[in-house]
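Notes for the one structure printed next.
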Amino acid sequence: MTIDEPKLQELRAALPELPFDDQGPVFRAPWEAQAFAMTLALHERGVFTWPEWAHALSEAINEAQASGDPDLGDTYYAHWLRALERLSTAKGCVSGEMLAQRRIEWDEAARATPHGQPIALKRTLTAATLAAYRAAIYRIHAQPDIDMKIGIANAAVASLLARHESESAVFVTAFNPFGHVLSPEDNAARQHRLIERVERMGLQALPGAGIDPLNIWLAETSLLVLGATPQIADALMTEFGQNAVVFVDSAGLPQLRLHPDYH
């Protein structure tokens, strides 16, 4: 893994016990490198500071040692992963329920994978979930509001994109990742991070809401991100844990775009 020198120095200052050699961080297994990369990405996106991370990691290590961990160095990234889970939960990136469900999914995938083969975690969407997405109203808070429906070209949306000189857009929320219903406070915090993420991308966004016409599920605060490409749609969907987003082309045609894991 390659890290530029300023970031490397900052990281080493914050985490002096991090295993290093002349080429950078040292990992004993691929999952350790993945956990490290996830942490680095979350820090770069402003989810937490290095002092916050150092504190969370120190707590995880101290708890393990108090429980009898011999602290020989081979469990360092187990503590790292625990700290990552805790801090990500505290920051509203995931919920405890989501982590528990993901552990179950990985366990099932591991038991279904032949020995020696890489474990592949496959997501599935039920027909009912897809039907709900297709039936939903995707409302853009403009003047006046514009309601989009999947597969139906909308002249008002096409005009909106033209006025903003945008060839495409994506309608996305950070609410209820992968269908796991979170508290209003957690959803609001996640949506705020989505807004900040879009701003850092240098893109303009309009507020909106995903609405269930049957009122079975509550409306989800959303954004119409102007100028977003399919690649940006996938990046936001992945980062904020969404099963799908709505991609809109210059003709104002909204289409459901599924998470890359479903492709």
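Every number in this text was worked out from the coordinates using simple rules, so none of it is lab data. Everything quoted here is computed from the prediction, not taken from an experiment. Here Cβ is always computed from backbone atoms with ideal geometry, including for glycine, and neighbour counts include all displayed protein chains.
Tabulated results
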read-out: Residue-wise HN-Hα coupling along the range 146-156, computed from phi with Karplus coefficients 6.51, -1.76, 1.60 (Hz; x: Gly, Pro); value: 10, 9, 10, 10, 4, x, 10, 4, 10, 5, 5
read-out: Largest to smallest principal axis extent of the C-alpha atoms in the chain, angstrom; value: 65, 42, 34
read-out: Neighbour-count ranking [beta-carbon atoms within 10 angstrom, fewest first] of 181, 94; value: 181, 94
read-out: Rel. contact order, % - alpha carbon contacts under 8 angstrom, at least six apart, the chain; value: 17 percent
read-out: Hull-based mean projected area of the range 89-243, where the convex hull spans the alpha carbons, in square nanometres; value: 11.0 nm²
read-out: Cα-centred dipole magnitude for the chain, charges only on beta-carbon of K, R (+1) and D, E (-1), debye, nearest 20; value: 860 debye
read-out: Degrees between helix 230-239 axis and first principal axis of the chain (Cα, 0 to 90, nearest 10); value: 50 degrees
read-out: Residue-averaged 222 nm ellipticity for the chain, from DSSP H runs of 4+ at -39500 (n - 2.57), nearest 500; value: -14500 deg cm²/dmol
read-out: Three-way shape label, the range 5-91, alpha-carbon gyration tensor, a/c 1.5; value: oblate
read-out: Using alpha-carbon coordinates, inclination of helix 76-90 to the longest axis of the chain, degrees; value: 30 degrees
read-out: Sum of side-chain charges, residue 209 neighbourhood, beta-carbon under 13 Å (Lys, Arg +1; Asp, Glu -1); value: -3
